[in-house]
Amino acid sequence: MSDEIELKLALAESAPAALAAHPLLSTLATATHTLGNCYYDTPDGALEAARVALRVRRIGDKRVQTLKSAAASHGGLSSRGEWEWSLDERVCNAVGLDETGLRELEHPALAGVDLTQLRPAFTTDFERRTWCYREGEAEIEIALDQGEIRADGATLAIRELELELKAGAPEALWRLAETLCQPVGAGGTPLAARPANHSKASRAGALRHGWPRPPAHAPEASLDALIEALDVWQDSGDPAWLRCAQTRLAALATQGSHPALATLSAPLSGGEMPWASSAWLALRRLG
């Protein structure tokens, strides 16, 4: 078992090309892989209810089974437990899972779950381009993912940047994100990105079952409340979540002042990305 600590950024359509051309990344070794992922659950959604994800990933001719525990996500930074093992030498059941390995984990979320009832629930297929970045004692995997979530005949686009901490302190993730998101050169524009808290699995769950309505009463102003509204709005297209995001932004802006806050109001009414990277970095500093 290991703890996965990563910072997730949702990207606009223009961002992947801009990111790949970033001068910092041009100095780093890179690799590209096509990843096919099938997620499993029981017919009554026992794993989703326990907020864990079970998947089998195809990487070339290799297959890897992974169980991820519920993530604690704040401001795009998440931490979760992760158990992973190769299926190359394992005996799998009819749907392609290693049941013996799952029983050996003795994970509390699996207690009482009939493993024979696990079936494919949805897929996430995407291309992943990675770079390895080092800064002092910190080592970070930079992963650009582009593809689709598919569930019950419906799809959602995957277009995100994941910065996963392999060694060092989490603060290094924020420093790297700031470097990648700031304008490059005179007249450059910020990378069209924002922090996202929803995982691919949680997005697939909403695609399958529908998105919730915004709460009737706005919660206390916080960056995570704003991110939640933006996550749901971008996937659902529900204008009620856009209005919720605008309300939460206005409440958050009263907590402090920063010139970058002014850049939020116009993009938040439309466009390919609801806020500029410079603005969310400013909001992070405001707390």
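The values are calculated or read from the model by the stated rules, or taken from the named source; none is laboratory data. Model, not experiment: these values are computed from the prediction. Using ideal geometry, Cβ is built from the backbone for each residue, glycine included, and neighbour counts are taken over all protein chains shown.
Brief remarks on what is shown
- The strands (runs of 3 or more DSSP E) found wholly in segment 128-197 and carrying at least 1 residues that are hydroxyl-bearing (Ser, Thr, Tyr) and touching an Asp or Glu at 6+ places or on another chain (Cβ under 9 Å) occupy 154-167.
- Selection from segment 102-117 of residues that are among the β-branched types (Val, Ile, Thr) and closer than 12 Å to Leu47 by Cβ: Val113
- Segment 97-112 residues that are at positive phi, paired with ones that are at pLDDT 90 or above and in a helix (DSSP H, G or I) (beta carbon under 9 Å, 6 or more apart): Gly112/Ala46
- Only residues that are of a type in the set (Gly, Ala, Ser) and either under 20 Å from Asn93 (Cα atoms) or in contact with a helix residue (DSSP H, G or I) (Cβ under 7 Å, 6 or more places away or on another chain) (or both) were counted across segment 20-60, and they come to 5.
- Residues located in segment 76-115, provided they are charged (D, E, K, R) and more than 24 Å from the chain's Cα centre (by Cα): Asp88, Glu89, Arg90, Asp98, Glu99, Arg103, Glu104, Glu106, Asp114
- Trp85 being part of a strand (DSSP E or B) and modelled with pLDDT under 95: yes
- Number of positions in segment 67-77 that are closer than 14 Å to Arg51 by Cα and in a strand (DSSP E or B): 4
- Filter result for the condition that a residue is among the charged types (D, E, K, R), touching a residue at least 12 places away in the same chain (Cβ under 8 Å), more than 30 Å from Gly168 (Cβ to Cβ) and not in a strand (DSSP E or B), over Arg51, Arg90: Arg90
- Top-ranked residue in segment 210-253 [being part of a loop (DSSP other than H, G, I, E, B) and of a type in the set (A, V, I, L, M, F, W, C); ranked as nearest to Ala12 (Cα to Cα)]: Trp211
- Hey, Ala229 surrounded by fewer than 19 Cβ atoms within 10 Å (Cβ to Cβ) and without any contact (Cβ under 8 Å) to a residue 24 or more places away in the chain or not: no
- Odd one out for His33, checked against (1) within 18 Å of Ser199 (Cα to Cα); (2) under 19 Å from the mean Cα position of the chain (by Cα): (1)
- Residue among Gly101, Gly60, Gly76, Gly36 that is modelled with pLDDT of 95 or more and not charged (D, E, K, R): Gly36
- Test: residue in segment 9-24 that is exposed (fewer than 14 other Cβ atoms within 10 Å of the Cβ), part of a strand (DSSP E or B) and modelled with pLDDT of 90 or more: no
- Residues within segment 111-147 that are farther than 20 Å from Ala204 by Cβ and out of contact with any strand residue (DSSP E or B) (no Cβ under 8 Å at 6 or more places or on another chain), tallied: 7
- Matching residues in segment 110-131 - criterion: being of a type in the set (Gly, Ala, Ser) and surrounded by fewer than 18 Cβ atoms within 10 Å (Cβ to Cβ): Ala111, Gly112
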